[in-house]
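Taking it in order: structure first as structure tokens, then the write-up.
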Amino acid sequence: MKLNLTKPLVVFDLETTGLDLVRDRIIQISFIKIHPDGREERENIFVNPEIPIPKDVTELTGITNEQVAEAKTFKELAPELSKKFSDSDLAGYNSNHFDVPLLAEEFLRAGIDFDFAARRLIDAQAIFRKMERRNLAAAYKFYCGRKMEDDFEAHRADQDTEATYRVLMGELDMYSPENQEEEDRILRNDMDELAAFSKTNNYVDFAGRIVWQDMVDGQGNVLLDKDGNPRQHEVFNFGKYKGWDVMEALRRDPGYYSWIMTSDFTANTKQILTRIRLKSMGKVMTMLVVFLMSLFSAMPLNAQELQAKVTINRNQVQGTDASVFESLQQALERFINDRQWTNLQFQKNERIPCNFNITVTKYNKDDNVFTCNALIQANRPVYNSAYTTTLYNNKDADFNFQFSQFDQLEFNEEVIDNQLVALVAYYAFLIIGLDLDSFAPMGGEDILQRCMNLANNAQNLNYPGWKAFDNSRNRFAIINDYLDGAMQPFRQLQYDYYRTGLDEMASNAERGRTNITTAIETHLKKCHEDKPLSLLPQIWTDYKRDELANIYQGKGTQKEKQSIYDILFNINASQNNAWEKIKQ
């Protein structure tokens, strides 16, 4: 039988150091990629887990520490695996319960946001359990007519992959319409149907910490959508808020989100929770704003994301009425601070502190044209400390615009026709996106995409700084590079450096520094190697120079110091005076 495929199907199996999704790692991955035209590709890869393989795992699989010592780590393999799997559905044996969740964790740890939701997940074990309820060996004997031990060596990923592939083909043959008379015994050769049949739970995240639940009215009746299907919402499946709607729990207890993000939950659970929070807050904030504005139209809302200070330096401009510059400064601060840029709700003490230091080099009062440069800076508090770290600091050499005294600044995201508004909106989205990335892996994706869209829409403005590929440091280049797939390690660096590094140092300085070392040695080094022409690593090390020197000066081993020094010097040799302090 030939599989009825509309896209490739990857049948895969993992061997791992254990069964813990957070702590354990892959030691072997084997897969068969079946193409719609019938072509088959096979690969069997040993993986260095970077942790010892337990004795019982070696006894079970025959895979030793020595065997994987020279193998590539998953982080090194991840880009190529992601590329090979990106066009495919996935199939395995017990894969929806274990292999897929662990693979998702490994991809996220490697800084790759592989979208499992965009592909169909087919589990031969789920099919087998629903039809016959046996293990792989029994399935093989039942569907293939042979004893598995006669054909394969047990507990080896490559052997189990071959067996799983044959079992899946046998299942489709046995339960085909040609071989079954009862409708409930028919299993069609269709990937959508197989994926739906393989689904054995209502998990939103792979670990099952959040689940889908039918929505009911006050009388307990299930609510239906327009197609007659039950409406569902996400609820917590553990802890003190088990059974609670996720966003209702977070509204009741805002600190619960932070607790999950800093606790020993899977990266996938944290990613899903962040997406629910971002999505749901949009709906909640729309309703809340309408309600509050109808009652308290004069009262300000604590929903704004930014707390900006705008400084206008006009020393290079002589003989001009100061009132126009004062009007500009006041208009910009009101526009930045009073506007809600996203659907997220920020408390006053959560707003992101930022500075717009604008230096006017030329002002033409006849046509109200300002020629300026601007230093844009944003900061982030470090958890459990009084220390504030720099989140972004860069000079925009083309901060030019028109502004007339008493102009009202208005922003329409669909129509970008005002240069000054476009400049401010670009940096607002960039700063908010970077901040979210520092609290959750790829957490600022939606906001950063809005920044990218704005940069694309601003191409028609007759001002420098927006043109694609015109300058490797202009506004377009910054956001385009940041969202480039080759720069995903740089985005993962933001989370690992701030959340698992600096935030950890307040309670355990040694562990925090070790996490920062790992982030630099993997993510920062890799993004520079993968895209050496990008200036993002150089810009980042420019404003992180003193902080990095303080983290390592007088601390850590010489090997660690030398490794960090070599990476930073290779990226940004101009800051060598600071890097030399690392080795002290």
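The values are calculated or read from the model by the stated rules, or taken from the named source; none is laboratory data. Keep in mind the model is a prediction, meaning the values are calculated, not measured. Methodologically, a virtual Cβ is constructed for each residue, glycine included, from the backbone with ideal geometry; neighbour enumeration extends over all protein chains shown.
See the values below:
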read-out: Matching option when the condition is polar (S, T, N, Q), at negative phi and out of contact with any Pro (no Cβ under 9 Å at 6 or more places or on another chain), among 6, 64; value: 64
read-out: Residue 417 vs. criteria modelled with pLDDT under 95, closer than 22 Å to residue 342 by Cβ and surrounded by fewer than 20 Cβ atoms within 10 Å (Cβ to Cβ); value: yes
read-out: Meets criteria (surrounded by fewer than 20 Cβ atoms within 10 Å (Cβ to Cβ), within 30 Å of residue 369 (Cα to Cα) and within 20 Å of the chain's Cα centre (by Cα)) for residue 462; value: no
read-out: Test: residue 204 is within 24 Å of residue 124 (Cβ to Cβ), outside the structural domain of residue 186 (by TED's automatic domain parsing) and of a type outside the set (Phe, Trp, Tyr); value: yes
read-out: Residue within the range 184-195 that is of a type in the set (S, T, N, Q) and over 27 Å from residue 104 (Cα atoms) present; value: no
read-out: Considering residues of the range 494-531 that are free of Cβ contacts under 8 Å to residues at least 40 places away in the same chain and of a type in the set (S, T, N, Q) only, the residue nearest to residue 264 (Cα to Cα); value: 500
read-out: Within the range 262-273, tally of residues that are in a helix (DSSP H, G or I) and at pLDDT 85 or above; value: 7
read-out: Residues (acidic (Asp, Glu) and within 23 Å of residue 274 (Cα to Cα)) located in the range 307-352; value: 350
read-out: Options 147, 141; residue that is in contact with a Lys or Arg (Cβ under 7 Å, 6 or more places away or on another chain), surrounded by fewer than 14 Cβ atoms within 10 Å (Cβ to Cβ) and without any contact (Cβ under 8 Å) to a residue 24 or more places away in the chain; value: 147
read-out: The range 174-192, residues that are outside any loop (DSSP other than H, G, I, E, B) and within 40 Å of the chain's Cα centre (by Cα); value: 191, 192
read-out: Residues within the range 151-173 that are hydrophobic (A, V, I, L, M, F, W, C), outside any loop (DSSP other than H, G, I, E, B) and either more than 36 Å from the chain's Cα centre (by Cα) or farther than 20 Å from residue 126 by Cα (or both), tallied; value: 1
read-out: The range 399-413, subset in contact (Cβ under 8 Å) with a residue 24 or more places away in the chain and among the acidic types (Asp, Glu), residue surrounded by the most Cβ atoms within 10 Å (Cβ to Cβ); value: 407
read-out: Residue 525 farther than 27 Å from residue 83 by Cα and part of a helix (DSSP H, G or I); value: no
read-out: Residue ID - farthest from residue 550 (Cα to Cα), chosen from residues in the range 368-392 that are in contact with a strand residue (DSSP E or B) (Cβ under 7 Å, 6 or more places away or on another chain) and part of a loop (DSSP other than H, G, I, E, B); value: 368
read-out: The listed residue being under 30 Å from residue 144 (Cα atoms), acidic (Asp, Glu) and assigned by TED's automatic domain parsing to the domain that holds residue 102, out of 66, 50, 15, 76; value: 15
read-out: Helices (runs of 4 or more DSSP H) fully within the range 532-584 counting 2 or more residues that are charged (D, E, K, R) and free of Cβ contacts under 8 Å to residues at least 12 places away in the same chain; value: 558-571
read-out: Residues located in the range 342-360, provided they are part of a loop (DSSP other than H, G, I, E, B) and among the polar types (S, T, N, Q); value: 342, 343, 345, 347
read-out: Number of the condition not met by residue 455 [criteria: (1) surrounded by fewer than 23 Cβ atoms within 10 Å (Cβ to Cβ); (2) without any contact (Cβ under 8 Å) to a residue 40 or more places away in the chain; (3) part of a helix (DSSP H, G or I)]; value: (1)
read-out: Among (1) within 30 Å of residue 193 (Cα to Cα); (2) touching a strand residue (DSSP E or B) at 6+ places or on another chain (Cβ under 8 Å); (3) of a type outside the set (A, V, I, L, M, F, W, C) - the single one residue 115 does not satisfy; value: (2)
read-out: The range 305-329 residues that are farther than 16 Å from residue 371 by Cα and modelled with pLDDT of 90 or more, paired with ones that are in a strand (DSSP E or B) and of a type in the set (Phe, Trp, Tyr) (beta carbon under 7 Å, 6 or more apart); value: 308/356; 310/356
read-out: Condition check for residue 205: outside any helix (DSSP H, G or I), touching a residue at least 40 places away in the same chain (Cβ under 8 Å) and within 24 Å of residue 446 (Cβ to Cβ); value: yes
read-out: Residue 299, sole failed condition from (1) surrounded by 15 or more Cβ atoms within 10 Å (Cβ to Cβ); (2) at pLDDT below 85; value: (1)
read-out: Residue that is modelled with the highest pLDDT [pool: residues in the range 122-148 that are closer than 10 Å to residue 93 by Cα and part of a helix (DSSP H, G or I)]; value: 124
read-out: Verdict on residue 71 being surrounded by fewer than 19 Cβ atoms within 10 Å (Cβ to Cβ), outside the structural domain of residue 272 (by TED's automatic domain parsing) and either in contact (Cβ under 8 Å) with a residue 24 or more places away in the chain or under 18 Å from the mean Cα position of the chain (by Cα) (or both); value: yes
read-out: Filtered residues of the range 208-251 (kept if in contact with a helix residue (DSSP H, G or I) (Cβ under 7 Å, 6 or more places away or on another chain), in a strand (DSSP E or B) and aromatic (Phe, Trp, Tyr)); value: 236
read-out: Selected residue (criterion: farthest from residue 388 (Cα to Cα)) from residues of the range 479-512 that are charged (D, E, K, R) and part of a helix (DSSP H, G or I); value: 481
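A quick yes/no check of all residues on (1) in the same structural domain as residue 86 (by TED's automatic domain parsing); (2) among the hydrophobic types (A, V, I, L, M, F, W, C); (3) farther than 27 Å from residue 261 by Cβ:
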position	(1), (2), (3)
419	no, no, yes
450	no, no, no
457	no, no, yes
462	no, no, yes
465	no, no, yes
468	no, yes, yes
488	no, no, no
511	no, no, no
522	no, no, no
